[in-house]
Amino acid sequence: MPAASQHTTTDRRVAVADLEAGYVCTQDVFDHAGRVLLAAGTPLTGSFIERLKVRGIGHIQVGVRDYARLNRPSSSLDMAPRTAMAKHAQRVDRSKEPHSSVRAARFTAQLDHALNLLDGVESDALDMSAAPMAELCRVPEAIAAMLIEDSDQAILASHRDEHALKLSARSAQLSVLASAIAMELRLSDSDVELVGLAGLLHDLGLFLLPLELRDGSRALNSGEAELYRSHPKLTVNLLSDCYSISEPVKQLILQVHELPDGSGFPRGLKKHRLHPLTSILNAADIFLSLISPSPGRPAIIPHDAIRILLHQCRAGTIQADVMRAMINQLTLFPLGSRVELDDHSVALIARRDGEHYDSPIVAMEGAQEGALISLRGCERKILSPHYNPEHEMRIGRELLDGLTLDSLMMC
């Protein structure tokens, strides 16, 4: 445990039995003798709470700001328990329906609004005033509503080639995918919107860097890479005076690029020091990084990106329940990608089909608009992913064992 530190008479006692995992304390946490049990900015994890119980510690001393949060009923905490049932989990099952052009246009317009807000922050010299931030804070709720209405079309709407190189588009993609995974895990409404907002805002600090450090077109030297890896801290600094942004959101923003083995950035934190929801953002961010081009390699096709993540899951880099939820959302041949069928026709992966990961619902190229075919029980089978070798690459099975995420991602 950390060394003893001075605490004040304004500290308050909270029963260990009442603690909820996930809350991030804004001040140091002490035992009755004034010894620091947990440093400020570190989340209360389930294992930390259990260790307190094993040691016979019945109460902790927290600062007055944290006492106001921790001493309230659990339903009013910023971070609800991960076991809470979310109404967002009751999504509409559209697997038997064709795509709706009206819904697609509405989803596209909503996401374009989010992109315009993010681009506006950059063009207005990173205006962090109340008005634009209040609008940005409402975006995750709109994304959650889209996912409830039609998860497949919401995810598809977030992946558009015309915005592929925009930082704002990547942030919106992360927000949508992370929110979808959180729903699949049946987390609370507040947790879904928490990861959605962290994903949306996590790269604002990149706007402070020179364009050549963030356009992804060339490899960075050691000094440039170090500066690039500081961008989560830059983002949190930008948001420091935005009182509408909670401490858990800032904590997640700092940890989007951290990895459980400590090889991530900016602080190289290991799994036991990460926020419980970091694993969702981390897995979604890795997937999006792999399917994007980086210096020295083109984009990896989505199917192989999923295979890489499964390999990393077995190695412990990706959390198993998060990986399962991601596949439930994307399938093994992710939404929006194309496959070649055994009759050599090409089809777009249009919808999931429950837990039938290897036989999704497709739209045939050249077929009537909106017509979908379920490959489950169909004579047609997927032969292989279809891709453009000029812009995409495949990862063979023989290469998986020797691959590291650092070798595949930009930084």
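Take the stretch 315-334 and flag every residue that is part of a helix (DSSP H, G or I), under 15 Å from PRO276 (Cα atoms) and touching a residue at least 24 places away in the same chain (Cβ under 8 Å).
Once the filter is applied, which keeps residues that are part of a helix (DSSP H, G or I), under 15 Å from PRO276 (Cα atoms) and touching a residue at least 24 places away in the same chain (Cβ under 8 Å), the stretch 315-334 yields ASP321, VAL322, MET323.
From (1) free of Cβ contacts under 8 Å to residues at least 40 places away in the same chain; (2) open to solvent by less than 50 Å² (accessible area, probe 1.4 Å); (3) part of a loop (DSSP other than H, G, I, E, B), pick out the condition that doesn't hold for GLU379.
(2)
So the check is Cβ under 7 Å with 6+ separation or different chains; which pairs have a first residue in the stretch 259-274 that's open to solvent by less than 50 Å² (accessible area, probe 1.4 Å) and a second one that's assigned to a strand (DSSP E or B)?
So the pair list comes out as PRO260/LYS270; GLY262/LYS270.
Applying the selection to the stretch 22-55, what residues are among the aliphatic types (A, V, I, L, M), at pLDDT below 75 and surrounded by fewer than 18 Cβ atoms within 10 Å (Cβ to Cβ)?
Passing the criteria: only ALA40.
From the list ALA131, ALA125, which one is surrounded by fewer than 17 Cβ atoms within 10 Å (Cβ to Cβ), among the hydrophobic types (A, V, I, L, M, F, W, C), modelled with pLDDT under 85 and not in a helix (DSSP H, G or I)?
The conditions single out ALA125.
Exactly one of these conditions fails for SER5: (1) in contact with a Phe, Trp or Tyr (Cβ under 8 Å, 6 or more places away or on another chain); (2) open to solvent by less than 20 Å² (accessible area, probe 1.4 Å); (3) modelled with pLDDT under 70. Give me its number.
Checking SER5 against (1) in contact with a Phe, Trp or Tyr (Cβ under 8 Å, 6 or more places away or on another chain); (2) open to solvent by less than 20 Å² (accessible area, probe 1.4 Å); (3) modelled with pLDDT under 70, the one that fails is (2).
Please pick out the residue among ASP203, ASP191 that is modelled with pLDDT under 95, open to solvent by less than 10 Å² (accessible area, probe 1.4 Å) and over 30 Å from PRO98 (Cβ atoms).
Just a single option satisfies the conditions, and that option is ASP191.
How do the helices (runs of 4 or more DSSP H) wholly within the stretch 185-236 filter down when requiring 1 or more residues that are in contact (Cβ under 8 Å) with a residue 60 or more places away in the chain and farther than 20 Å from GLU247 by Cβ: which remain?
Fully inside the stretch 185-236 and qualifying: 222-228.
Which number in (1) assigned to a loop (DSSP other than H, G, I, E, B); (2) modelled with pLDDT of 85 or more; (3) under 30 Å from ALA180 (Cβ atoms) marks the one condition that ALA84 misses?
Here ALA84 meets the rest and fails (2).
For residues in the stretch 282-299 being among the aliphatic types (A, V, I, L, M) and out of contact with any Lys or Arg (no Cβ under 7 Å at 6 or more places or on another chain), which is most open to solvent (accessible area, probe 1.4 Å)?
ILE291
Restricted to the stretch 231-258, and to residues that are open to solvent by 10 Å² or more (accessible area, probe 1.4 Å) and in contact with a Pro (Cβ under 8 Å, 6 or more places away or on another chain), which residue is farthest from LEU126 (Cα to Cα)?
Ranking the candidates gives HIS257 first.
In the stretch 237-254, what residues are of a type outside the set (D, E, K, R), out of contact with any Gly (no Cβ under 8 Å at 6 or more places or on another chain) and either under 17 Å from THR42 (Cβ atoms) or without any contact (Cβ under 8 Å) to a residue 24 or more places away in the chain (or both)?
Listed by number, the residues that qualify are SER240, TYR243, SER246, VAL249, LEU252, ILE253, LEU254.
So which of GLN153, GLN173 ends up being touching a Lys or Arg at 6+ places or on another chain (Cβ under 6 Å) and either surrounded by 23 or more Cβ atoms within 10 Å (Cβ to Cβ) or not basic (Lys, Arg) (or both)?
GLN153
Take the stretch 304-322 and flag every residue that is open to solvent by less than 30 Å² (accessible area, probe 1.4 Å) and more than 18 Å from the chain's Cα centre (by Cα).
Answer for the stretch 304-322, where residues must be open to solvent by less than 30 Å² (accessible area, probe 1.4 Å) and more than 18 Å from the chain's Cα centre (by Cα): just ASP304.
The values are calculated or read from the model by the stated rules, or taken from the named source; none is laboratory data. Remember, it's a predicted structure, so these values are computed and weren't measured experimentally. A quick note on method: Cβ atoms are made from the backbone with ideal geometry, for glycine too, and the neighbour counts reach across all protein chains shown. Calculation scope for accessible area: heavy atoms of the full protein, side chains included, ligands and nucleic acids excluded. Shrake-Rupley method; radii C 1.70, N 1.55, O 1.52, S 1.80 Å.
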